[in-house]
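Here the structure comes first, spelled out in structure tokens, and everything after it is commentary.
Each reported figure results from applying straightforward, stated rules to the coordinates on display, with no laboratory input. From a predicted model like this one, the values you see are computed outputs, not experimental measurements. Please note: Cβ atoms are built from the backbone with ideal geometry, for glycine as well, and neighbour counts cover all protein chains shown.
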Amino acid sequence: MSHRKKNRHVGVVGIGETKFSSHREDVNQPEMIFEAVKEALDDCGLGMDDIECVVHGNMELFEMVHQPDLWHSMGALMYGKDEIRLTTGGTTGGTLAAAGDYLVASGMYDIVLAIGFEKLQEGHTTGGITNMADPLWFRKLQSGALTGSTAYDMIEEFGEERAKNAAMSYRIIMDEHACLNPNSHRAFGLNWDQADELKENSPRLVGDLRLIHMCSQSDGACAVIFASEERAKKMKKKPVWIRDHITAHREETFNVFGNAPESAPVAKTQRFCAEQLFKRNGIDDPVEYFDVFEMYDPSSWWGSDWLRDFLLLEGDEALKLIEDKEIAIGGKLPVCPSGGVISANPIGATALVRFAEAAKQVRGDAGPHQIPTPVNHALASSFGGTMWTVLFMLEKELGWEGA
Amino acid sequence: MGNRVAICAMAQIKNEPDIWYQRMQGMLRECIKPVLDDTGATYDLDKGIRNILTCSDDVFDARTISDNGVTDAVGAHFRGEEKVAQESINGFGYAMSMILSGHDDVVLYVGHAKESQTESRQMCTNLAFDPFYNRPVGLDFQNANAFQAREYMEKSGVTDEHLAEVVVRSRENAAKNPYARNNDKVTAKDVMNSAMLSDPVRELHQYPVTDWAYAFILCCEERAQEFCKNPVWLTGYGSCMDSYFLGDKDLTSNFSMKKASAKAAKMAGIKDIKKEVGLFELSDAVAYQLPMWAEGIGIADEGKGGKWIEDGGPGKMNVNTSGGMLNGNPLLLSGAARVAECYLQLKGEAGNRQVDGVKKALAHGTTGACGQHQGVVILEK
Amino acid sequence: MSEEFGVKVEEIFNTMEERFRAEGAKGVDASFGYDIAGKGKWKLTIKDNKMNLEQTDDLSGCACTTIADADTFVGINIGKVDGTSAFTSGKFKVDGDIGMLGKTAKMFRKFVAPVQEMSVREYLVDMFATVEARFKPEAAADMDVIIVIDIQDEDGSAWSVAIKDKTCKVSDGIVGTPTVTLEISKSKDWVDLTLGKTDAQTLMAAGAGSVKGDLPTAMKWGELFEKYVDPMGGKDAEQELIVLKKTISVNNRFATGPVMGKFFNQLKKKKILANKCASCGRLQLPPREICAECRCDVDEFVEVGPKGELRLMETVFYGSPDPLTGEARETPYGAINVLLDGCKGNETMWHFLRMDQLDKVTMGRNEKKGTRLRPVWKEKRQGDVFDILYFEIDE
């Protein structure tokens, strides 16, 4: 591998999240952002003056504000600071975390603040998503981000009952986690007795994708503060180290339907990212290696399906993890102890929230949804665009280069 | 690891009023193929481009995730792609961090925009203002800049005549630039007779509607020689955000310009911009911004913008040999056009615009109204 | 009675008539059922911009029926329960056409729970009943007075407040010889005065009250008693949140470029073109400037179809409304991926199936072939995805 070593280490030292909800009419956008920013600053004890560069992102066609960083400058503490705005659809939060990593690792800045946010109730979410499609062709065919094709493939592969049960188990486990997370938008308090009823009676959206499987549309903001190794080690809380990350996009047209994935596999960015990232970091067995996985799971069908790809598993290995509840807090590899995207999806922030929640787990102070066993190695993913992925590895201790 | 990043190749299409015959993907391909050919760079995961940086804008493209349509065109299928949704000058700073961090050795940086696609630039920039107070009043970048123009002109003794000179010079320089938008040459009288858009900004003071695209290949110092013989170096980047409400600030203070240029200079090890930098490309969306940004970076004395023009400052300091943004670059892409000109000048490939003996150049871009956000990049031979 | 919110289900229905907005009912000719557990069933009929509501067990003929328990129904109506969450978790269900339910949202002004209020008389009585308890002996010094408050409208009465030896006694009517009499025309003014909503000078200036007798004694009134506490909580109206609604639409003129342009021109002639990558041979439909996998330009065009085989159909039950027009595609509809003749991999064409054929088609997968389909062309084509109206079974 001819790529160079990382210039210097970067620690996550401050994290702030607003409560996610569909009714934040009590704040305007800069106010909402400030809530998260303040929490992040309080978290690490830094002040406005310590921030050197701010990176900001969301999907502006949802709120229909052009260059929103200009208006948000006060709430986001940008006055007098360097500032860069990055947007990559649903993966924006992941790109923001990557930016925090680059900007500090490069030596250009010692302290960077990353802010992701969205206020979906101020816009038309499905309209915004449909506008992502090519204006001459796909925009007239597309309707939001809904598809039943994953459910169809899983049912074909595993049988209707097993597939539907797995998707519903995934859903209920995510809801159980959400009930522990005070910031969740939706925590229904589903119990296992409801599984059969919901499986069959939850209103259908597309094919076997039902309302119960699908993520929420939320308002919220997330702020994360990154620091160089030297500065990070001086903070009151132990920093969480960013080991590596990778981004993979794919073309806008789909060209993926018509053949069973098991027999005619179509390359997926989820698996590609996992393969590349783990190979270059010497990880052979991700299920063994990682202690937690905050996956960007916009629906329980996708969550169930991508588990296999992210963990480089085959056949029904990932399904078994769900069936045996190994993905629940207390299991072998807890997935989304925060409740995941199904429980809260403020799109521009969501991917950053996955990263932040994974970091909190490593730090040990996530709150009621903290995994009770030590978390040394964390994995966090982002999703967006036309099946794009960003994948992060976070570590509790430095010194992995020797590994 | 070093602290400078190589620009190994650059390609651009011509700035035009209306590229109706091509869509974004096609425009980009025309820029990307040449830079790949020039450098021999591939998308090989080990040795080649594995991360691509783009610059475009959702509102002007009328497309959520404006980079979504060009993924295949930029080669980002199963490669990384990140988008700067802001003035393209900042993409250079960001790409520097991608490379200096060690994450990526070589980065393809592209951008596209078509101002001609939208029915009104003003309707788009009106959306940059908050929906409660400023938007309903009808503020957009054009009329907001007019406030700044008025205050600045009074403070710095800049007159309608001075502005006319700026426009005339811009057109003359652009006529020597094969990639500049084709505009009619104008006389000072033409400029001063042109209609008022927003007093004191006249029609000919404002940059015209333009479509454009560009591509750069940037590389770490360790491997630059693999891709080109004589790279041009990015040695400094700084940016700065000012406050938002127009009434909160002194519109003539150049607060963010001063800070951004100071930060860029510091990173590049420059102590005195005026003495050490030989060429300047400033994003003058409106004519008054040329002397104003010049004051901000310190090549014109503060409060003396008018005199600076009268004394032939722009010519003497080699400012905007390309014709500047004033001749026509899309909003958000001017920074890249400024870097492109600095690059060509430092490489000695600026044709009959060539200034000899330039070792360091400064490129600038501005986002928002009244220069709320400024970005500055320093380049060296 | 909805215990959680203090509002009766019946109140929601009883106020529908007064909250009705005829302009929101334009174009609607349907009935909507409501089945509220433990409370009853209602049928709302909308026709000719008018509404008719009846409580009835017969909900036949309703386009859709909302089924919920009382708390959820009331909660959603007063904005205390998030409708989407309740719906997703099954706390409220809809039988029938969900799309129709959305139409009722525009037909009624929001239900506002009436604030419980005390009458003016009730306030007056309570205020005087608490005078003795609120008396501040230390403020009375060596006062020996009788203050009469005579409120002269029909809600009012007279009260005598005797203060002597640092004690206070209140009697109904005029008892003893008043040191001073405060004559107040309207009860409401005294109530407002005591609640701090107005002041004595304002009342006097307005001629709403007059003082007969020893003015200095009257002026001491405010200092002699603790502030009256409003039993209704007396909280200020919650901050009114301002919401601005605006539809933003900016016209754009999109270029096709030569590749899409050629595709559309041929579509006008009922020809479907894909383009073929010289390097890997894969086809793309619609054609693209570049093959994403090979990262090379694609110049070769190939005519495909127009008929093909159904590979995947997504039955869409939820049609999202167009943000500009509010119109939604009729559901369920079939979004199809058709592998046109000449294509061989996954390069399917995305379009729609004829509405009445959704249950008559089978999907292909791997070697298994799906139903053969053919496009139905529009009469006047203009180079647009809907030059093909839809695909139908090729019989």
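Here are some notes:
- Pairs of lysine residues in region C:120-224 that meet both criteria, 8 or more places apart or on different chains and Cα atoms under 20 Å apart, total 12.
- Formal net charge of residues neighbouring C:A162 (Cβ-Cβ distance under 13 Å; K, R +1; D, E -1): -1
- Here the calculated FRET efficiency for A:N201 and C:K80, from their Cβ-Cβ distance with R0 = 22 Å, stands at 0.30, rounded to the nearest 0.05.
- Once the Cα-Cα distance is subtracted from the 0.36 nm per residue extended length, the C:K307 to C:T247 segment shows a gain of 17.5 nm.
- Computed label-point distance, nm, for sites C:T167 and B:F132 using a 7 Å Cα→Cβ extension: 5.8
- Residues in region A:106-116 carry Karplus couplings, in order, of 5, x, 6, 9, 9, 10, 10, 10, 10, 10, x Hz; the curve used is 6.51 cos²θ - 1.76 cosθ + 1.60 with θ = phi - 60°, and Gly or Pro positions show x.
- In order along region C:210-224, phi translates into HN-Hα couplings of 9, 10, 10, x, 7, 4, x, 5, 4, 5, 7, 3, x, 7, 7 Hz, rounded to whole numbers, per the Karplus curve 6.51 cos²θ - 1.76 cosθ + 1.60 with θ = phi - 60° and x for Gly and Pro.
- With the convex hull drawn around the C-alpha atoms of chain C, the volume per residue stands at 267 Å³.
- Restricting attention to the protein assembly as shown, close to 75% of DSSP beta bridges with both partner residues there are antiparallel.
- The angle separating the long axis of helix A:269-280 from the principal Cα axis of greatest extent in chain A is about 50 degrees.
- Inter-centroid distance (Cα atoms) of region B:304-335 relative to region A:81-138, Å: 32
- Residue order, fewest to most beta carbons within 10 Å, for B:S243, C:S89: B:S243, C:S89
- Between amide H atoms placed 1.01 Å from N, distances below 5 Å from A:R210 occur with A:L205, all of them 5 or more places distant or on a separate chain.
- Amide H to amide H, with H built 1.01 Å from N, A:E251 comes under 5 Å of B:F78, counting only residues 5 or more places away or on other chains.
- Gaussian network model of chain A, springs between alpha carbon atoms under 10 Å - residue of A:T147, A:T350, A:T91 with greatest fluctuation: A:T147
- Whole-Hz couplings from phi, Karplus 6.51/-1.76/1.60, listed for region A:151-164; x for Gly and Pro: 4, 4, 4, 5, 5, 4, 6, 10, x, 4, 5, 5, 5, 5
- Neighbour-count order for A:Y289, B:Y133, A:Y102, B:Y237, fewest beta carbons within 10 angstrom listed first: B:Y133, A:Y289, B:Y237, A:Y102
- Relative pair counts by distance (%), Cα atoms of region A:264-305, 10 Å bins: 22, 52, 26, 0
- FRET efficiency, 1/(1 + (r/R0)^6) with R0 35 Å, evaluated for B:D160 and B:D272 via beta carbons: 0.60
- Of A:L180, A:L96, A:L120, the one that fluctuates the most in a GNM where chain A has Cα springs shorter than 10 Å: A:L180
- Chain lengthening between C:L358 and C:K8 when straightened (0.36 nm per residue, less Cα-Cα): 121.6 nm
- Shown here is the pair-distance distribution of region C:257-393: with all Cα-Cα distances grouped in 10 Å bins from zero up to the longest one, the shares run 12, 37, 35, 15, 1 percent.
- Unpaired cysteine residues in chain B (no second Cys Cβ under 4.7 Å): B:C31, B:C55, B:C124, B:C219, B:C220, B:C240, B:C342, B:C370.
- When the alpha carbon coordinates of the protein assembly as shown are projected onto the principal axes, the ranges are 112, 82, 67 Å, largest first.
- Extension gain, B:A195 to B:K359: 0.36 nm times the residue separation minus the Cα-Cα distance gives 55.0 nm.
- Counting other Cβ atoms within 10 Å as a rough exposure proxy, the listed residues B:K47, A:K164, C:K164 run C:K164, B:K47, A:K164 from fewest neighbours to most.
- Most fluctuating residue given options B:V358, B:V137, B:V107, as computed from a GNM of chain B linking Cα atoms under 10 Å: B:V137
- With a simple spin-label model that places each label point 7 Å from the Cα along the Cα-to-Cβ direction, the separation between B:L246 and A:L398 comes to 5.0 nm.
- Efficiency of FRET from Cβ geometry, C:S119 and C:A139, R₀ 35 Å, rounded to 0.05: 0.70
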